[in-house]
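Student: The structure under discussion is supplied below as structure tokens; questions concerning it will follow.
The values are calculated or read from the model by the stated rules, or taken from the named source; none is laboratory data. If you're wondering where the values come from, they're calculated on a predicted model, not measured in any experiment. Here the Cβ positions follow ideal geometry from the backbone for every residue, glycine too, while neighbour counts run over all protein chains shown. SASA here: full protein model, heavy atoms, side chains in, ligands and nucleic acids out. Shrake-Rupley method; radii C 1.70, N 1.55, O 1.52, S 1.80 Å.
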Amino acid sequence: MVIRQTILERHSEIPRRIEGNSSYQSWHEFNTPYERLIDKICALALPATLEQQTIEQVRITKSIVENIVTKDPLTGTLNGLGANWYLNNTTAIQSVALTDMLNMHEGNARYGSVAIDQDLKRFSNMLFRHFQKNDGFLVFRSERAGDEFKITSTKNSIPELENRLRAVWQEDLHRGLLAWNYGVGRNDGEAHIELYRNRVKETEIMEASILNGKSTFIIVRPESDDYSSLYNLSEEKARVVNGTPIIDLHLTLQAIRDVDDFAALKQRLEEYSLKLRPFEIKVISIARMNVNNQQGRLWLLAEKTPALEKIYNDLGEIAREMGCSSYPYQSQNWLPHIKVVDLPENTSTQIKDPTFGVGRGLTFTVRYLEWTVQKGTERWDLLEKFPFPE
């Protein structure tokens, strides 16, 4: 225990910006103290079993310390020190890929930092599944920008890595809060150029799609600790049914479709929000829903209070006054909910009326309305946030 604590303390403080800085330990300098300690243990002529156990403890300690100082604490990917050590001690790299999470600053403002952190964890875990170390891949998180990741391969050529990454990108479309793109090359410079080209293409596609979006939605979402509590519940229920927890946790209050005058509607929503005050929403139970033969989901049902029902009706009236359409059903038939789990496609229809409880229920506070526009089957872009007066 004394040996372990002493060695851990020697590496306890590693500044974030390490990559490209020659003042930090090399891989050889890190390993040398452990190898010397093992040599000293062997020189003590301890009983064979004790010597073996002691050496094993040193190696375990070394592995623990190595993981601490070379891994990004949020995503588990390699950091700058890991890049210095492992890229300088591997066989020739055949190809490099860079990925970039799009509009992370806006995502933090919209979803909150807790939700974006969860999305980064989801994204890194997805990269680990598809680009494993045993297959010659290493995954790094950039020290310069937290939304950038790097993948190196000692086995895949540039076309092979690009094809593999394209398949992963297509499979991951609309799975997370943030979209992402990628670039592949022989080195960081070439990969960065391709990343930029793909980013320009994505921007052009998004700008073209804005002209067609006329279906908008008014939503509310949990924040900070409230988000963490609901996401933990989502993960728990997903494990029960072998499903996928949904990261974008929100409750849709109303749809406003066929919008022609966005500026006028924005003004009406802003005026309406100034009449509201922060309020609480309580979620009380979970139900399985299959809507329009789509993949099944678990819905977290909210308590439909008179205040919540009034907001639903008020927003519907604003839509009608603006010549737009809203949800077609009356408020008494409205089922306020938060989608929390995507069910597996091959089993979702076999799950019969789950009786998942949420204990005494969970409550979160709403402090603003969020106005979004639909841009795809599973894509909604933020138009505006309307905070309530305190």
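Student: Rounded to two decimals, what is the ratio between the C-alpha radius of gyration of region 33-154 and 2.2 N^0.38 Å?
Tutor: Values: Rg = 19.1 Å, N = 122, 2.2 N^0.38 = 13.7 Å.
After normalising by residue count via 2.2 N^0.38 Å, the value is 1.40.
Student: Also: Could you pull the accessible area for THR244 with a 1.4 Å probe, rounded to 10 Å²?
Tutor: 80 Å²
Student: Let me check something: with ligands and nucleic acids excluded, how do TYR327, TYR227 order by accessible area (1.4 Å probe), largest to smallest? Intermediate values should be presented prior to the final figure.
Tutor: Values: TYR327 45, TYR227 10 Å².
Reading off the accessible areas and sorting them downward yields TYR327, TYR227.
Student: Through the Karplus equation 6.51 cos²θ - 1.76 cosθ + 1.60, θ set to phi - 60°, convert the phi angles of region 257-268 into ³J(HN,Hα) values in whole Hz; use x for Gly and Pro.
Tutor: Once rounded to whole Hz, the list reads 10, 6, 7, 9, 9, 5, 5, 5, 5, 4, 5, 5.
Student: Please list 171-184, 306-319 highest first by mean number of surrounding beta-carbon atoms within 10 Å per residue.
Tutor: 171-184, 306-319
Student: Still on this structure, I have one more. Top to bottom by accessible area (1.4 Å), largest first, where do CYS324, CYS42 land?
Tutor: Ranked from most to least accessible, the order is CYS42, CYS324.
Student: Decide, for region 139-187, between rounded, prolate and oblate: order the square roots of the alpha carbon gyration tensor eigenvalues as a ≥ b ≥ c, take rounded if a/c falls under 1.5, and otherwise choose prolate if a/b is larger than b/c, else oblate.
Tutor: Oblate is the answer for region 139-187, as a/c is 1.5 or above yet b/c matches or exceeds a/b.
Student: Order 97-104, 68-75, 235-242, 328-335 from most to least packed using the mean count of other Cβ atoms within 10 Å.
Tutor: By packing density, highest mean first, the sequence is 97-104, 68-75, 235-242, 328-335.
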